[in-house]
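These notes are about the structure you will find just below.
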Amino acid sequence: MTDEKQEDAGKTDPVDQPKTTATDSLPALNFATFIFSLNSSALVQLGMIEDPMTSQKIKNLPLAKQTIDILSMLEEKTRGNLEADEAAMLKNVLYDLRILYVKEKG
């Protein structure tokens, strides 16, 4: 190895250095966080919580229904493949969202 190559071998490339990003503070990605993310989206769409982008409560019932339908589809497609606590959580989230949707729909 030449002296230049030996010198370079001891240095680390800045590309290889770990960087702190916004994703470092995000929760671990698993089934529960995925379901809770969809639940939060549905709550925003139902006007129950503020949209984090606009800081306003705006109802979008068709979009809320679509998100609830996505959760329902996930429940159907994952039936028998979830841990008991995951299945119960999904069932409870769906129940709560459906009740809220019916109340908002009038």
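A short reminder: the numbers here are calculations on the coordinates, not readings from a lab. All values derive from a computational prediction rather than experimental measurement.
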Greater than 21 Å apart at Cα, pairs in Lys77/Lys105; Lys57/Lys77; Lys59/Lys105; Lys57/Lys91; Lys65/Lys91: Lys77/Lys105; Lys57/Lys77; Lys57/Lys91
Vicinal HN-Hα couplings computed from phi for the range 72-77 (Karplus, 6.51 cos²θ - 1.76 cosθ + 1.60; Hz; Gly/Pro x): 5, 5, 4, 4, 5, 6
